[in-house]
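S.K.: The structure that follows is given in the form of structure tokens.
The values are calculated or read from the model by the stated rules, or taken from the named source; none is laboratory data. These numbers were taken from a predicted model, which means no experiment stands behind them. When we count neighbours, we look across all protein chains shown, and the Cβ atoms used for this are built from the backbone with ideal geometry, even at glycine.
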Amino acid sequence: MQMEEAVASYLTTGGEDATLSDFSRILPFMFLLSLDDVSWAAVTNETAEMKALSLSRYNWTISSDREHHVIRLAAYESALAAAQVLNESYEDLLSTTAQGFVRKFFDRSFDFPARKFKTSSTGSRLCDISVKQYHSLTKTFQARQTFVDQFNNLTLKSAASDVFTIDGTPFRQCEAAAVGGEQDLSSVAE
């Protein structure tokens with residue numbers, strides 16, 4: 001089966017008919033666009049407190065596989081941002097309008113324990129984007145290129161190399177090997 005057929009089979013059937021070997025043949029060609037690299041280790045105590053409070057106050061158990069949840073983290077970080085802005089503007093808070101208070105969140109950077117949060121001059125979130133490629137030896141997606149969002153304009157910040165690779169073999173060489181029909185990626189994908 002050619003790579004294109006394996007990808008088409010997996011995508012059209014939702015993976016129901018795809019075998020593990022089909023999937024492992026696809027993975028080296030997959031890329032992931034990532035907006036945040038969250039350092040969960042930096043908020044271990046906070047996530048443990050959220051889990052304990054959830055159980056004691058609301059009788060709701062957060063399972064271990066859902067302990068690292070970006071929406072819960074975003075709520076926590078929103079409280080941190082509000083506290084920081086309130087603390088910074090405490091003295092002139094009574095004379096500040098609602099619009100003036102909201103503008104204090106614009107065009108700034110918040111250094112939270114797990115990640116950095118940046119906003120534009122209009123209050124939009126500025127997100128750095130990483131292009132990650134699957135690495136079958138480590139079984140993880142690794143950043144190959146990182147783009148920095150500044151004023152809604154992406155700029156290349158860093159690149160692992162000029163050429164995307166499949167576990168060390170330049171991607172163009174892998175493409176050339178595939179032109180003749182089926183390709184054996186067993187040494188690459190395993």
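S.K.: Restricting to segment 75-93, name every residue that is loosely packed, with under 14 Cβ neighbours inside 10 Å and of a type in the set (D, E, K, R).
M.R.: GLU88, GLU91, ASP92
S.K.: For THR96, all conditions in the list (1) within 24 Å of ALA42 (Cβ to Cβ); (2) surrounded by 12 or more Cβ atoms within 10 Å (Cβ to Cβ) hold save one; what is the number of the exception?
M.R.: Every condition holds for THR96 apart from (1).
S.K.: Filter segment 1-54 down to the residues that are of a type in the set (Phe, Trp, Tyr) and modelled with pLDDT of 70 or more, then identify the one that is nearest to LYS116 (Cα to Cα). Before you say what the answer is, go through the steps one by one.
M.R.: As a first pass, look at segment 1-54 and keep what is of a type in the set (Phe, Trp, Tyr): 10, 23, 29, 31, 40.
With modelled with pLDDT of 70 or more added as a condition, the list becomes 29, 31, 40.
On the way: PHE29: 30, PHE31: 23, TRP40: 13 Å.
Among them, the one singled out is TRP40.
S.K.: How many residues, within segment 109-124, are of a type outside the set (Gly, Ala, Ser) and exposed (fewer than 15 other Cβ atoms within 10 Å of the Cβ)?
M.R.: As a first pass, look at segment 109-124 and keep what is of a type outside the set (Gly, Ala, Ser): 110-113, 115-119, 122.
Then keep just the ones that are exposed (fewer than 15 other Cβ atoms within 10 Å of the Cβ); that gives 111, 116, 122.
So the count comes out to 3.
S.K.: The conditions are (1) at pLDDT 70 or above; (2) of a type in the set (Ser, Thr, Tyr); (3) surrounded by 12 or more Cβ atoms within 10 Å (Cβ to Cβ); (4) over 22 Å from the mean Cα position of the chain (by Cα), and TYR134 fails exactly one of them. Which is it?
M.R.: (4)
S.K.: Consider PHE141 carefully, then state whether it is surrounded by 16 or more Cβ atoms within 10 Å (Cβ to Cβ) and in contact with a Lys or Arg (Cβ under 6 Å, 6 or more places away or on another chain). Before the answer, list the steps.
M.R.: Details: surrounded by 16 or more Cβ atoms within 10 Å (Cβ to Cβ): yes; in contact with a Lys or Arg (Cβ under 6 Å, 6 or more places away or on another chain): yes.
It is true that PHE141 is surrounded by 16 or more Cβ atoms within 10 Å (Cβ to Cβ) and in contact with a Lys or Arg (Cβ under 6 Å, 6 or more places away or on another chain).
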